[in-house]
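For reference, the structure is listed below as structure tokens.
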Amino acid sequence: MAAEPKLSANERIKAESRLLRGTIAEGLTRVETGALADDDTQLTKFHGFYQQDDRDLRAERGKQRMEKAFSFMVRMRIPSGTVSPAQWLAIDQLALQRGNGSIRLTTRQTVQLHGVLKGNVRSLMQGLHDVSLDTIAACGDVNRNVIASADPWRRALYGEISSLARGLSEHLLPRTRAWHEIWLGEQQVAGEAVEDEPILGRTYLPRKFKIAIALPPHNDVDVFAHDLGFIAIVESGAIVGYNVVVGGGMGMTHGETETYPRTGDVIGFCRARDAIDVAEQVVTVQRDHGDRFNRKHARLKYTIDAIGLDRFVGLLRERLAVGLEPARAYAFASTGDRLGWVEEADGSAHFTLFVENGRIRGEMLAGLHAIAALGVGRFVMTANQNLILAEIPAASRRDVQALLAEHGLDRPAAGLRRNAMACVALPTCGLALAESERYLPDLVSRLEGELERFGLGEDEITLRMTGCPNGCARPYVSEIGLVGRTPGIYNLYLGGAFEGVRLNKLYRRDVDGDAIVAALSPLFERYATARRRDERFGDYLIRASIVAETTAGLNFHDNLSADVGS
């Protein structure tokens, strides 16, 4: 008989961790190093932070025989991305005192703080807890931050999906008290019942799990790019339930065609009251059937393709208290944010601030601090890395407008730039193969020049860049996707849908900035002259047979043109 395959190393680490405690607490006391033990760096992800080092300094520190410049990226759990002005001020203060002085808004509608030294992690966690924030399960093999369409101008509907996001997040959290013990000093009580993880299991999930809630016609969350999605169905002005989407996911590995991005499948409709049970049972099917041997094959998308969608749905139906109904009609129009002011009938208003690649520092940080100090409205992060100053009372709007102007935060952005996103990549992400956040603004400027040549300067086209193929900025559902291969070199993908419902296709392999501009410029020209009325760039590329349509994740690597490059 063939030998049973070995569980992945991470499965051993989780099993031996005493429900995510490991030796993290002891490692924090080791002042001779800025790092934690290797096994603990896997467990800290469940606590919401990653160990990183400044890769710009690696070579020089190596020459000096110095330890790498270790620090930590701390990610918060903020379901639906909403914080109060007081919470924003606390995040601002922690960024300045415990981090590198910047706030990073992520594509998962939350905040990352970078450059946090080991000795500052505990005080940072306690500072967050003081304002009712935490980092529990923001990373790791668990359900991560639940995102929802940022749509405060439809107040009642937005309130409902935000409430669902919070409910899902709380329901699917790990039950272990490890976070509270390590970071807040909570004591275990003798004779307490033995901890258990009734939903996630004592070794948690095979890999990360992501949930998104979309409110049509907005698909700002890219609902098909997540393990589990809920599409709100609105009838007579109220949400009656949700279409359920399963099996989306962006990550893959260069050169390994058995890995691929995948858009999720709509499998039915559930009533609003049953959505949390649906989520729990999808999670438990993945818990029980996901691949715990090969982490590259461990996401829900691979589970579904391995066992078949029909069997997956059958397993799910066996566990549901109330069965799924047939999916209902819906329509998406875009994935982007509406920038600028939107006024409500009662005189209150919302301002969506463009934050290029989500990085807030310097004058922008100061301006937002001043606005938060007014103590009005709410701060809503979007899944496009922007920020909505929501529910600003009519009496405060003039003050907010003045502060936006004073700090230069009310400047417009052209169509391509306002629909562009990048992951962090170098210098801190340990997985990055190429630049992303630091490089994309300059590349966008070059592409904007080409678009203006052909009268397309205000046309909205989605562009996503990542420094590696893991896909944190969701590049594979954009009209133009750029994925890092090595410093300065990217794969160019084309043909995703503007409304986020279709994967793109590899168009050119291993191109630098000049080659990217050279490849896209003639396509912009053709699009400007040959597009149909209201036709989007990605749709035109497919109609013109420039790239083949990707109809499923399993054919993402198929039907490439002959001139893609080897």
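The values are calculated or read from the model by the stated rules, or taken from the named source; none is laboratory data. This structure is a prediction, so every number in the text was calculated from the model and none was measured. So basically every Cβ, Gly included, is an ideal-geometry build from the backbone, and we count neighbours across all protein chains shown. Accessible surface is based on the protein model in full, side chains and every heavy atom, while ligands, DNA and RNA are left aside. Shrake-Rupley method; radii C 1.70, N 1.55, O 1.52, S 1.80 Å.
Numbers at a glance
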quantity	calculated
Solvent exposure ordering (accessible area, 1.4 Å, most first) of GLU60, GLU460	GLU60, GLU460
Within the range 1-45, backbone nitrogen closer than 16 Å to the virtual label 7 Å beyond the Cα of ALA306 toward Cβ	4-12
Under 5 Å, built H, 5+ apart or other chain: amide partners of LEU117	PHE72
Lone cysteines, the chain (no partner Cβ under 4.7 Å)	CYS139, CYS270, CYS429, CYS468
Per residue, in Å², the accessible surface of the chain once ligands and nucleic acids are set aside, probe 1.4 Å	39 Å²
Distribution of pairwise C-alpha distances over the range 389-450, 5 Å bins, in %	3, 14, 16, 14, 14, 15, 12, 8, 3, 1
Unit Cα scatterers, Debye sum, the range 315-464: log10 I(q)/I(0) for q = 0.12, 0.16, 0.17 Å⁻¹	-0.68, -0.97, -1.03
Share of pairwise Cα separations in the chain, more than 36 Å, in percent	33 percent
Cβ crowding within 10 Å averaged over residues, with 483-494, 420-431 ranked highest first	420-431, 483-494
Percent breakdown of C-alpha pair distances by 5 Å bin, ordered from the shortest bin, for the range 194-243	5, 18, 19, 15, 13, 12, 10, 6, 2, 0
For the range 486-531: rounded, prolate or oblate by the Cα gyration tensor [a/c cutoff 1.5]	oblate
Tensor-based shape of the range 1-88 (alpha-carbon gyration tensor, a/c under 1.5 rounded, otherwise prolate or oblate)	oblate
Normalised contact order of the range 18-113, rounded percent, pairs of Cα under 8 Å and 6 or more residues apart	21 percent
Sequence-distant residues sharing a close amide H with ARG359 (under 5 Å, placed H)	LEU105
